[in-house]
Amino acid sequence: MASVLDKFRLDEQVAVVTGGARGIGLAIATALAEAKAKVVLADLDADTGEASAARLRQQGLEAHFYPLDVTQPAQAEALAQALVERWGRVDVLVNNAGICRNTPALETPDEEWRLVFEVNVHGVFWCSRAFGRRMVAQKRGSIVNIASMSGRIVNKPQPQAAYNASKAAVIHLTKSLAAELAPYGVRVNAISPGYIGTEMTKRGLETPAWRQDWLGLTPMGRLGEPAEVASCALFLASEASSYLTGSELVVDGGYTVW
Ligand code: NDP
């Protein structure tokens, strides 16, 4: 009989991580590849994405870069089709690509508000629709959406109304898709990270007032590592979480306990 550790394995499986070129996405791609999946890093940034995939291959992992702008539904559809043509299956989609803008609400330009929603909400939907169609056809699959604790609380002190609202939408979209796809063997779950050390949080950490609030309000008193989100993503991607759907794992060092 398979041991519990075997349930975390992704042998033969094909896994796609959007925004996989760097940061949390790259850490997730690494974890899925270490679990033996064929991993696709799908990102806007081709130079970083190609270099990251090459580094994973040097470590003996199977990784491939594919260009993708998640705001373009036709690109999401074409990528899903290309992967199914190449490998005959697609098992895991991690909707990780996301952007944040720290602009006071009343000063937010139209285009900035739209862009945050285009990437963070519409991008998650276009990719989930494209890959979900293939997963439903094969009657198996796991979609993991990287939301944020910002979908549940309002961060302090930086303003980011569009980001917060977009991540709340991701959490609810996760539940909606979970309900629709469960009868077809496709699970949909979310991860809501707190502050994690990546490019996204770099500038904030260099701002003393922000750093003080971020760390002071986190009971564990430190930032999370991308790898600490990645292990949760592997859990949700794999059979280890076979009875979870529509769930949200909050990975925030305790930030949302207050
Ligand atoms: P990074 O900015 O380090 O990485 C995001 C990646 O997504 C980049 O490679 C970026 O490429 C890519 N990307 C951006 N827009 C698109 C697009 N339209 N299509 C495809 N790829 C795109 O961010 P993190 O690793 O920190 O964040 C990853 C996810 O985790 C995001 O959804 C974020 O909201 C979420 N998150 C992060 C937290 C944190 O503290 N870091 C906390 C909570 C949630 P490019 O460089 O070309 O823009």
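Tabulated results
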read-out: Mean accessible surface per residue for the chain, computed with a 1.4 Å probe while every protein chain stays in place, in Å²; value: 46
read-out: Proximal aspartates and glutamates relative to LYS38, as straight alpha-carbon distance under 12 Å, when same-chain residues fewer than 8 apart are discounted; value: ASP11, GLU12, GLU62, ASP91
read-out: Percent carbon-and-sulfur accessible area, the range 168-230, ignoring ligands, DNA and RNA, probe 1.4 Å; value: 57
read-out: Proximal charge balance of GLN138 [Cβ under 14 Å; K/R count +1, D/E count -1]; value: +3
read-out: Estimated vicinal HN-Hα couplings, Hz - the range 57-62 in sequence order (Karplus 6.51, -1.76, 1.60; Gly, Pro = x); value: 5, 4, 8, x, 9, 9
read-out: Top of ALA190, ALA54, ALA147 by mean-square fluctuation, Gaussian network on the chain, Cα under 10 Å; value: ALA54
read-out: Under 11 Å, Cβ to Cβ, from ALA2 - net charge with Lys/Arg +1 and Asp/Glu -1; value: 0
read-out: The range 25-67, accessible surface, carbon-and-sulfur percent (1.4 angstrom probe); value: 49
read-out: Protection-proxy order for peptides 21-29, 222-230, 38-46, each taking the mean of Cβ atoms within 10 Å per residue, highest first; value: 21-29, 38-46, 222-230
read-out: The chain, Cα convex hull volume normalised per residue, Å³; value: 130
read-out: Degrees, to the nearest 10: 23-34 long Cα axis against longest axis of the chain; value: 30
read-out: Interchain or long-range residues, amide H under 5 Å from GLY224's placed H; value: TYR195, ILE196, GLY197
read-out: Nearest-ten-degree value, helix 123-138 long axis tilted from longest Cα axis of the chain; value: 20
read-out: Projected label distance in nm at ASP45 and ARG133, using a 7 Å step from Cα toward the beta-carbon; value: 3.0
read-out: When the range 6-95 is reduced to its Cα atoms, the Kirkwood hydrodynamic radius in Å; value: 12.7
read-out: Net charge over other residues, Cβ less than 11 angstrom from the Cβ of GLU118 (K, R count +1; D, E count -1); value: -2
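The values are calculated or read from the model by the stated rules, or taken from the named source; none is laboratory data. All values reported here derive from a predicted model rather than from experimental measurement. Please note: Cβ atoms are built from the backbone with ideal geometry, for glycine as well, and neighbour counts cover all protein chains shown. Heavy atoms of the whole protein, side chains included, go into the accessibility calculation; ligands, DNA and RNA do not. Shrake-Rupley method; radii C 1.70, N 1.55, O 1.52, S 1.80 Å.
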